[in-house]
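A.B. asks: What follows is a single structure, and I will ask about it in a moment.
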Amino acid sequence: MASGVSNEKKTDDEQSSKENFICLCNPHLEKMKEDILYHFALGTGTHDFPALFGDVKFVCVGGSPSRMKSFIAYIAEELGLGSPGSDYPNICAGTDRYAMYKVGPVLSVSHGMGIPSISIMLHELIKLLHHAKCSNITIIRIGTSGGIGLEPGSVVITRQSVDATFKPQFEQVILGKTVIRSTDLDEQLAKELMQCSKEINQFNTVVGNTMCTLDFYEGQGRLDGAICLYNEEEKLQYLKEAYDAGVRNIEMESSVFAAMCNLSGVKGSVSQERCY
């Protein structure tokens, strides 16, 4: 491993916490009188987190606020907790950064586009769930993605998130040092979601690796960006290499999602990646 690169490994206590409560890997939070979740416009000094969110068991996150509002309306109908035409208020109405909706045990949160945006959201979401004393949480990222070797409309349940060189890792520079974090996702959850897909039998569904890129255009080999210094043959060769490495779709959030779920002891899945 190159100089300056460090690996992080959870302790046995952190591993065991995965079965129950959220693990906050930050001892500094214990010294704070109030934790302000700035980008949610929420805070422990102004909101009763256990009362508001203590019953949450499932969190679904996706890119756009409008999509996550539509999702919570759908879930409310499916669970019999809402009526047609019901409105669901945005819990984060005090900010325009993210939107959050809740019905019963389900929380629906937007995360914007790309690793930086979802990373900020996840830091505050994980703290929210911890302050609310939530346990046995499942977080699922839903959204669209670019498929590789799949028919449009297919659904990919992610086994591993890989970077643009097909390595299952998330790389981040912290205090000038490169930190490598695992991007494996919960295997049992992937199996359960695949079984659900078979029972519903509405979409072509596969389990595969998801490539997470830092860019929508050059990073994903597109030919229609403002800058493109490769040709179509090189693009197709790269996509073939990705497919041979087990990659079935491409998006821009899964790596940090997987890494942060792992460190926080949260059962996570990048599922329902609807390919276009």
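The values are calculated or read from the model by the stated rules, or taken from the named source; none is laboratory data. Given the structure is predicted, the values throughout are model-derived calculations rather than measurements. All Cβ positions, glycine included, derive from the backbone under ideal geometry; neighbour counts span all protein chains shown. Surface accessibility is based on the protein's heavy atoms, side chains included, excluding ligands, DNA and RNA. Shrake-Rupley method; radii C 1.70, N 1.55, O 1.52, S 1.80 Å.
A.B. asks: For residue 207, enumerate residues with amide H under 5 Å from its amide H, sequence gap 5+ or separate chain, H modeled in the peptide plane.
C.D. replies: 157
A.B. asks: While we're here: Over the chain, with a single point scatterer placed on each C-alpha, what log10 of the ratio I(q)/I(0) does the Debye formula yield at q = 0.08, 0.10, 0.13, 0.17 1/Å?
C.D. replies: Taking Cα atoms of the chain as identical point scatterers yields -0.34, -0.54, -0.92, -1.49.
A.B. asks: Could I ask something else about it? Cα centroids of region 114-141 and region 252-266: how far apart, whole angstrom?
C.D. replies: 9 Å
A.B. asks: On the accessible surface of the chain, probed at 1.4 Å, how many percent belong to carbon and sulfur atoms?
C.D. replies: Numbers: 7720 of 14730 Å².
Exposed carbon and sulfur together represent 52 percent of the surface.
A.B. asks: Among the listed pairs 127/191; 240/267; 57/133; 69/267; 33/102; 127/267, which have their C-alpha atoms separated by more than 20 angstrom in this model? Numbers along the way, then the final one.
C.D. replies: Values: 127/191 28 Å; 240/267 31 Å; 57/133 11 Å; 69/267 23 Å; 33/102 27 Å; 127/267 15 Å.
Over 20 Å Cα-Cα: 127/191; 240/267; 69/267; 33/102.
A.B. asks: If you don't mind, another one. Rolling a 1.4 angstrom probe over the protein heavy atoms, how many square angstrom per residue are accessible across the chain?
C.D. replies: Working: 14730 Å² over 276 residues.
Value returned for the chain: 53 Å² of accessible area per residue.
A.B. asks: What chymotrypsin sites (Phe, Trp or Tyr not before Pro) in region 138-231 are in a loop by DSSP, with at most 15 other Cβ atoms within 10 Å of the Cβ?
C.D. replies: Working: sites: 166, 170, 203, 216, 217, 230; in loops: 166, 203, 216, 217, 230.
For chymotrypsin sites (Phe, Trp or Tyr not before Pro) across region 138-231 that sit outside H, G, I, E and B with at most 15 neighbouring Cβ atoms in 10 Å, the list reads 166, 203, 216, 217, 230.
A.B. asks: Kindly give Rg over Rh for region 26-136, based on alpha-carbon atoms, with the Kirkwood expression for the hydrodynamic radius.
C.D. replies: Numbers: Rg = 13.9 Å, Rh = 14.4 Å.
Radius of gyration over Kirkwood radius for region 26-136 works out to 0.97.
A.B. asks: Ordering 212, 25 from largest to smallest accessible area (1.4 angstrom probe), what's the sequence? Walk me through the intermediate numbers first.
C.D. replies: Details: 212 10, 25 80 Å².
The ranking, largest first, comes out as 25, 212.
A.B. asks: Same structure, new question: Taking H placed 1.01 Å from N in the peptide plane, check which residues at least 5 places from residue 249 or on another chain put their amide H under 5 Å from its amide H.
C.D. replies: Residues meeting the criterion, in which the H sits 1.01 Å from N, are 148, 211.
A.B. asks: Taking all protein chains together and a probe of 1.4 Å, list 140, 120 from the most accessible to the least accessible. Write down the numbers at each step before the final one.
C.D. replies: Values: 140 25, 120 70 Å².
Result of the area sort, largest leading: 120, 140.
A.B. asks: Note down the relative contact order for the chain as a percent, whole number, built from C-alpha pairs under 8 angstrom at least six residues apart. Could you put the intermediate results ahead of the total?
C.D. replies: Working: 548 pairs, mean separation 71.7, N = 276.
Worked out over the chain, it gives 26 percent.
A.B. asks: Residue 124 accessible area, nearest 10 Å², 1.4 Å probe?
C.D. replies: Only protein atoms counted, so the area is about 20 Å².
A.B. asks: Which order do 145, 135 take when ranked by solvent-accessible area (1.4 Å probe, heavy atoms of all protein chains), largest first? Write out the running numbers ahead of the final one.
C.D. replies: On the way: 145 0, 135 25 Å².
Largest accessible area first, the residues go 135, 145.
A.B. asks: Assign one of three labels to region 144-275, namely rounded, prolate or oblate, based on the Cα gyration tensor with a ≥ b ≥ c the square roots of its eigenvalues; rounded applies when a/c is under 1.5, prolate when it is not and a/b is larger than b/c, and oblate otherwise. All intermediate terms of the calculation are to be shown ahead of the outcome.
C.D. replies: Values: a/c = 2.28, a/b = 1.11, b/c = 2.06.
Cα axes put region 144-275 in the oblate bin.
A.B. asks: So what are the ³J(HN,Hα) numbers for region 251-260, from phi and the Karplus equation (6.51, -1.76, 1.60; θ = phi - 60°), rounded to whole Hz, Gly and Pro as x?
C.D. replies: Result, ordered by residue: 8, 9, 9, 5, 5, 6, 4, 5, 4, 6 Hz.
A.B. asks: Going by average Cβ neighbours within 10 Å, how do the peptides 53-61, 156-164 rank, with the highest at the top? Could you put the intermediate results ahead of the total?
C.D. replies: Details: 53-61: 18.7, 156-164: 23.6.
The peptides rank, most packed first, as 156-164, 53-61.
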